[in-house]
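Each remark here refers to the structure printed beneath this line.
The values are calculated or read from the model by the stated rules, or taken from the named source; none is laboratory data. Bear in mind that the values here come from a model prediction, so they are computed numbers and not experimental data. Methodologically, a virtual Cβ is constructed for each residue, glycine included, from the backbone with ideal geometry; neighbour enumeration extends over all protein chains shown.
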């Protein structure tokens with residue numbers, strides 16, 4: 001999966017996901033016999049089938065010379081009512097969530113962007129939302145102001161009513177995001193009370209910890225799974241669409 005910030009890898013043997021990891025974007029064309037050193041594990045052959053989904057066109061074209069390159073397109077995803085510009089990462093994560101944890105499902109992807117994607121039990125896309133991801137919100141606040149510092153995501157949620165600048169930034173962003181996500185989740189569960197709810201993306205575990213500190217009453221119903229996109233890819237691979 002070519003994401004906005006990184007390459008996300010999943011190595012399968014048969015139906016089993018043996019490993020997953022992230023690397024940086026590449027800067028040169030990939031040849032069939034020559035992959036960047038940090039992209040694949042040493043024992044993986046460079047001629048294995050490479051199933052690719054991407055939200056970064058400039059990165060996608062760098063892989064098209066790979067010998068067994070197969071690009072996933074939105075029309076390949078067996079979900080109904082997807083709109084034309086929905087991110088392929090959102091669609092694959094939603095498919096993977098339903099395939100592994102059943103439909104209906106609500107996917108909260110805490111990556112560069114923070115997205116919500118809801119699918120009903122008939123595999124219909126119901127809708128969702130997009131906002132800047134957690135780290136992006138901290139970065140933007142710093143880059144677009146003259147005096148506010150750029151902070152890393154904290155381990156602790158902290159006090160809601162902060163008494164200095166750093167804590168005020170943490171409070172303002174995190175409590176607002178958590179409160180907003182809570183309203184989306186609660187509304188979804190009114191419509192689909194039997195739904196699974198999955199957190200994924202690079203900040204999923206941090207977001208789960210924040211919900212825990214927030215004493216969110218639906219915490220036991222939240223699952224963290226970083227590999228939803230790969231479960232979606234596996235579903236397509238096993239359906240013989242590509243190979």
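So, in region 90-127, exactly how many residues are in a strand (DSSP E or B) and at positive phi?
1
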Next on the checklist: Can you tell me which of (1) without any contact (Cβ under 8 Å) to a residue 24 or more places away in the chain; (2) farther than 30 Å from residue 12 by Cα is the one residue 174 doesn't meet?
Outcome noted: (1)
Checklist entry - When you scan region 158-185, how many residues do you find that are under 17 Å from residue 212 (Cβ atoms) and within 22 Å of the chain's Cα centre (by Cα)? => result 8
Checklist outcome for this item: Of the listed residues (145, 115), the one being within 25 Å of residue 178 (Cβ to Cβ), without any contact (Cβ under 8 Å) to a residue 40 or more places away in the chain, under 16 Å from the mean Cα position of the chain (by Cα) and assigned by TED's automatic domain parsing to the domain that holds residue 188 is 115
Checklist entry - Would you say residue 220 is over 16 Å from residue 110 (Cβ atoms), out of contact with any strand residue (DSSP E or B) (no Cβ under 6 Å at 6 or more places or on another chain) and either in a helix (DSSP H, G or I) or assigned by TED's automatic domain parsing to the domain that holds residue 158 (or both)? => result yes
Checklist entry - Which residue out of 106, 95 is surrounded by 22 or more Cβ atoms within 10 Å (Cβ to Cβ), closer than 20 Å to residue 9 by Cα and in the same structural domain as residue 204 (by TED's automatic domain parsing)? => result 95
